[in-house]
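Peer 1: Below are the structure tokens for one structure; questions will follow.
Bear in mind that the values in this text are calculations on the coordinates, not laboratory data. Model, not experiment: these values are computed from the prediction. Here the Cβ is made from the backbone with ideal geometry for all residues, glycine too, and neighbour counts use every protein chain on show.
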Amino acid sequence: MGGSTVADALRCLIGSDADVVQARQMGRELASQLGFSPGDQTVIAAAISEIARNILMYAKRGEVQFTKISDGTRPGLIVVAEDRGPGISDVPRALQDGYSTSGGLGLGLPGARRLMDDFEVVSAVGEGTRVTMKKWKRVNG
Amino acid sequence: MEVPILKQGHYLIASIQSALSDADLSQLREKLIERVGKFRARGVIVDVTALDVMDSFAVRTLRDIAHMARLRGSETVIVGIQPEVAFAMVQLGLTLKGVATALDLEEGLEFLNQQGQGHGRLDRG
Amino acid sequence: MSKVKDAPPPPPPDPQTGHESTQALLRELVAHLRQNRTQLREEWARRITRAQLLTAMTEEEIFAEATSVYDNYVEALETGTFEALQAYARNLSERIIPRGVETHEVVGIVLLLRDVLARSLFAKYHEDFTKLNRILDAYEPAANRIANTVAVGFVQERERIIRQQQEAIRELSTPVLQVRERLLILPIIGVIDPQRARQLTEQLLRAIRTNRAKVVVIDITGVAAMDSNVANHLVQTVEASRLLGATVIVTGLSPEIAQTLVTIGVDLSEMATVGDLQGGIEEAERLLGYKVIPFTEATQQA
């Protein structure tokens, strides 16, 4: 298991506990290289941790891919987490989120979605799941 | 990654040195609970200064530790949460409600001392 | 324009159209621009001064920059790619913006260069009207694209610098005050947008750590209205502060804001609030100064 470079994307295979740590550290490192604020680096790392952990828990194995992007004025990071696991039957429900801050154990998908600029979940039962998250470097730091 | 656990008087202090995987966190929880019982500790301090990310699993584990320690008559304080980590946690909706927190080891010890003496204390939510 | 040395013989005509291709024309053009570099550059620099552009810079500086702009311009024409030019434009902008150079000046000088070069083409090919037309057809789109690239690069850089400066000003004007040991006050005034809210929180959390604050009084008397986003942010700030071991007292809560908080699901009984700032500070001092109180009374607190 480990990271490799393919074209513009960096990849991290998820198959064990340690891989979740590696994936989030990779995400943090890339965010740091792109100039994201320390706060946003932490947020990105936490979101990756949640999503990668989901892969491990439900699909046993999968992959997280990172791509650096730019829209001309600012850099950004795309994180794609993919697996061929059981899939999510009710995606909207899984993404449901309230603003209540008395959140219980942690909100996983909804929490991660709230923090990313773009967030998309594509899933089919029996086929797998792909979560795509995008975050732009913040204008005002 | 083994987390060193020190005994200081009636307290146990677990100092996390680096990033921990879920398995490491679970192991820490088991060890702490075991030692709380074994040494009849009155307080537990978990120092998370070195953690640069606190996700839902980490938060769940810390709450479990606090809960189980309390069942064994011990109060738990989490110390050293970094400003960026705290900010990310609240944005993700992760709270340590019901678990005492303090700025650092020194503050954590003071908190436990005040607790132990039955004094009133600042509300820790 | 004085007579110039002849350019290398033009490439053979395209068998299909019977004319040189656009590529060939551009190559010829680039060769001409390179050969006449010195005088065209000087002409351009003279016209810049005459048009009273780049007045913030000395003549030597203008000439130095003019040289590299010229070379980059010609290279963009030659390669047909603009990434290098864009990078150069940002670089140049980074240098000259602090000197007070403005957008219209940069656009102005690039257009001047375009014109200077166009005129030299007129001079060279004025006897061959057809050829002149075709060369201009090849040159114009490229020249316009160059002007656009440079202008956009400059504007982007300018915006980036302005944002950076605004950020720096905000950092300097941090309103977190330490009034007593272990006690911080954060008075919030006016309209708070999400970005400002986030920045205030980050500043507060860092200040809590630096000052080892145990109590923070956040005063929102001066906040007129708060939407649910910012209200949520306030709650997050309170919670994040607690994670750093600090207790937060919110003062100056208007009925409207209290309503907003309730609407987003905040349990106000869990948030320590006091009517006004003075009262909040007194409460904070009480919390801090307190040594021994009977345990039963403590459980009735907050």
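Peer 1: If C:Val191 satisfies all but one of (1) within 13 Å of another protein chain (Cβ to nearest Cβ); (2) assigned to a loop (DSSP other than H, G, I, E, B), what's the number of the condition it fails?
Peer 2: Of (1) within 13 Å of another protein chain (Cβ to nearest Cβ); (2) assigned to a loop (DSSP other than H, G, I, E, B), only one is false for C:Val191: (1).
Peer 1: Here's something else I'd like to know. What pairs come out if I take residues in the stretch A:11-33 that are farther than 13 Å from A:Leu77 by Cβ and facing chain B (nearest Cβ under 7 Å) and pair them with residues that are buried (at least 16 other Cβ atoms within 10 Å of the Cβ) and among the polar types (S, T, N, Q) whose C-beta lies under 9 Å away, six or more apart or interchain?
Peer 2: That search, which allows pairs on different chains as well, returns A:Asp17/B:Ser21; A:Ala18/B:Ser21; A:Val20/A:Ser49; A:Val20/B:Ser21; A:Val21/A:Ser49; A:Val21/B:Ser21.
Peer 1: May I pose another question? Just name the residue that is nearest to C:Thr251 (Cα to Cα) out of those in the stretch C:208-218 that are facing chain B (nearest Cβ under 9 Å) and among the aliphatic types (A, V, I, L, M).
Peer 2: Residue satisfying both the conditions and the ranking: C:Val215.
Peer 1: Let me ask something additional. Spot the failing condition for C:Thr251; the list is (1) within 12 Å of another protein chain (Cβ to nearest Cβ); (2) among the hydroxyl-bearing types (Ser, Thr, Tyr); (3) buried (at least 22 other Cβ atoms within 10 Å of the Cβ), and only one is missed.
Peer 2: Condition not satisfied by C:Thr251: (1).
Peer 1: Let me ask something additional. Against the definition (in contact (Cβ under 8 Å) with a residue 24 or more places away in the chain, surrounded by 17 or more Cβ atoms within 10 Å (Cβ to Cβ) and away from chain B (no Cβ under 14 Å)), how does C:Gly245 come out, yes or no?
Peer 2: Numbers: in contact (Cβ under 8 Å) with a residue 24 or more places away in the chain: yes; surrounded by 17 or more Cβ atoms within 10 Å (Cβ to Cβ): yes; away from chain B (no Cβ under 14 Å): no.
No; evaluated as a whole, the condition is false for this residue.
Peer 1: With the requirement that a residue be surrounded by 20 or more Cβ atoms within 10 Å (Cβ to Cβ) and under 13 Å from the mean Cα position of the chain (by Cα), what does the stretch B:34-50 give you?
Peer 2: Within the stretch B:34-50, B:Val36, B:Gly43, B:Val44, B:Ile45, B:Val46, B:Asp47, B:Val48 meet the criteria.
Peer 1: Right, next: Would you check which residues across the stretch C:256-275 are of a type in the set (A, V, I, L, M) and within 14 Å of chain A (Cβ to nearest Cβ) and list them? So that I can check it myself, show each step before the final result.
Peer 2: Start the filter on the stretch C:256-275 by keeping residues that are of a type in the set (A, V, I, L, M), which leaves C:257-258, C:261-262, C:264, C:266, C:268, C:271-272, C:274.
Of everything in the stretch C:256-275, those that are of a type in the set (A, V, I, L, M) and within 14 Å of chain A (Cβ to nearest Cβ) turn out to be C:Leu261, C:Val262, C:Ile264, C:Val266, C:Leu268, C:Met271.
Peer 1: Out of the strands (runs of 3 or more DSSP E) lying entirely within the stretch A:1-87, which hold 3 or more residues that are closer than 20 Å to A:Thr129 by Cα?
Peer 2: A:9-14, A:62-70, A:75-83
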